[in-house]
Amino acid sequence: MAHPYVLLSAAVSLDGFLDDTGPSRLLLSGPEDFDRVDEVRAGSDAILVGAGTLRIDNPRLLVNSPERRVARVAAGLPEYPLKVTVSASGDLDPDAQFWHTGGAKAVYTTDKGAERLRGLLPGSVDVVALGPDVEWRTVLDHLGDVKGVRRLMVEGGGRVHTQLLRQGLADELQLAVAPLFVGQAQAPRMFGPGHYPPGRMRLLEARTVGDVVLLRYVPTAPGTGTLVSAADRRWLETACELAAQCPPSRTAFSVGAVVVAADGTELARGHSREEGDPVVHAEEAALAKLDPEDPRLPGATVYSSLEPCARRSSRPAPCARLILDAGMRRVVTAWREPDTFVRSADGNALLTAAGAEVVLLPEYEEQAKAPNAHLLPPPARP
């Protein structure tokens, strides 16, 4: 599945409230931040808002800068990003500005919602029925695989932000914090109550934009079981970047590995042939840096750019066995080991047979293969 990069964007007050709504709406952002948001929109493939935001705010969701629209067209993109909303009920106003401005639009809904919307919205709107329920993972899969969306900007409202963050599906959170207090008990908050991924998010950037402060965060907590979180993708990309740091070899793969606790704390990292050891494997190098008594290990996830080995001649235990012996039971990897050095090297099967969850994210396979291209046969000619 080609999941899009999901960016949550909102302006909040110092006491944590979103822009007030209604006729006397309090605008938290200033001109400079509105221009920044316009820039983010122009750099996105799609912009999404919830049905509640459509009903209350009646937004247009346009790229307002003519120069940015011209730049999009020059880059081979539509003048405006795809506009998306989600409504299980199909309770949407056909006269809303959302449907009558900008370019392409899509609404994700249930089968019943689609029946309600049939003939109600302009014929150019793509009404996507997802069955009896609307699941966010299904929405994102469809946007990525069918619509070709690689970067999705989510502008609200609070319920949408809450659901995406709670399910570990948000890749980035951008908060513009305004120097104002709202103080109204009934004002909407950006996030609602519920169970969120554990641990602290990582701050990527803090800068002033006019009189607001832009804070950019990314999640760090791994997913659970076979459910993939946005942080899983980020950590696996880190493992692939480590693979590119390996000293080159013609007799062994270049692999990177990272061990991450359930709360998103990085416990260790390693790569093949680290510190001049010609036979050390990435997972082995990372595990050697851990305290075997660390209570976080049973809940940790191992990210490896290549499937952990099941057999090896250079050391007594293969990496899959080292992972299991360390107590870890979740592994995320990008690439199945080819038969280059060991035939039928099925480390994933060894892990699975021992009760570990193994998640394969093939969208990172090419990145994992890149530092090993000299070891692989050339692709077949069409």
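The values are calculated or read from the model by the stated rules, or taken from the named source; none is laboratory data. Please read all numbers here as calculations on a predicted model, not as lab measurements. For neighbour counting, all protein chains shown are included, and Cβ atoms are generated from backbone atoms with ideal geometry for every residue, glycine included. With ligands, DNA and RNA removed, areas are computed over all heavy atoms of the protein, side chains included. Shrake-Rupley method; radii C 1.70, N 1.55, O 1.52, S 1.80 Å.
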#### Entry: Boolean, PRO193 is part of a loop (DSSP other than H, G, I, E, B), farther than 25 Å from VAL302 by Cβ and modelled with pLDDT under 95
yes
### Query
Within the range 111-151, which residues are touching a Pro at 6+ places or on another chain (Cβ under 6 Å) and part of a loop (DSSP other than H, G, I, E, B)?
LEU120, LEU121, VAL149, ARG150
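Residues ARG68, ARG36: which one is touching a residue at least 24 places away in the same chain (Cβ under 8 Å) and either in contact with a strand residue (DSSP E or B) (Cβ under 9 Å, 6 or more places away or on another chain) or more than 26 Å from VAL218 (Cβ to Cβ) (or both)?
Criteria check complete, one pass: ARG36.
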### Task
Could you tell me which residue of the range 159-209 is farthest from VAL84 (Cα to Cα), considering only residues that are touching a Lys or Arg at 6+ places or on another chain (Cβ under 6 Å) and buried (at least 17 other Cβ atoms within 10 Å of the Cβ)?
VAL209
### Message
If I go through the range 43-72 residue by residue, how many of them are surrounded by fewer than 20 Cβ atoms within 10 Å (Cβ to Cβ) and small (Gly, Ala, Ser)?
### Response
4
#### Entry: the range 241-298: number of residues that are among the β-branched types (Val, Ile, Thr) and under 23 Å from the mean Cα position of the chain (by Cα)
5
#### Entry: Residues satisfying the stated conditions in the range 245-271, i.e. surrounded by 15 or more Cβ atoms within 10 Å (Cβ to Cβ) and part of a loop (DSSP other than H, G, I, E, B)
CYS246, SER249, ALA252, PHE253, SER254, VAL255, ALA261, ALA262, ASP263, GLY264, THR265
### Message
Is it the case, given these coordinates, that ASP133 is in contact (Cβ under 8 Å) with a residue 40 or more places away in the chain, open to solvent by 10 Å² or more (accessible area, probe 1.4 Å) and acidic (Asp, Glu)?
### Response
yes
### Task
Find the helices (runs of 4 or more DSSP H) located wholly in the range 1-110 whose residues include 2 or more that are within 24 Å of VAL213 (Cβ to Cβ), and list them.
31-42, 51-57
### Summary
Pairs returned, first residue in the range 170-182 that is closer than 18 Å to ARG159 by Cα and of a type in the set (Asp, Glu), second residue that is part of a strand (DSSP E or B) and open to solvent by less than 10 Å² (accessible area, probe 1.4 Å), beta-carbon separation under 8 angstrom, 6 or more apart or interchain, are ASP171/VAL6; ASP171/LEU7; ASP171/VAL218; GLU172/VAL6; GLU172/LEU7; GLU172/LEU8; GLU172/VAL218
### Task
Would you tally the residues in the range 299-338 being closer than 21 Å to CYS240 by Cβ and among the charged types (D, E, K, R)?
4
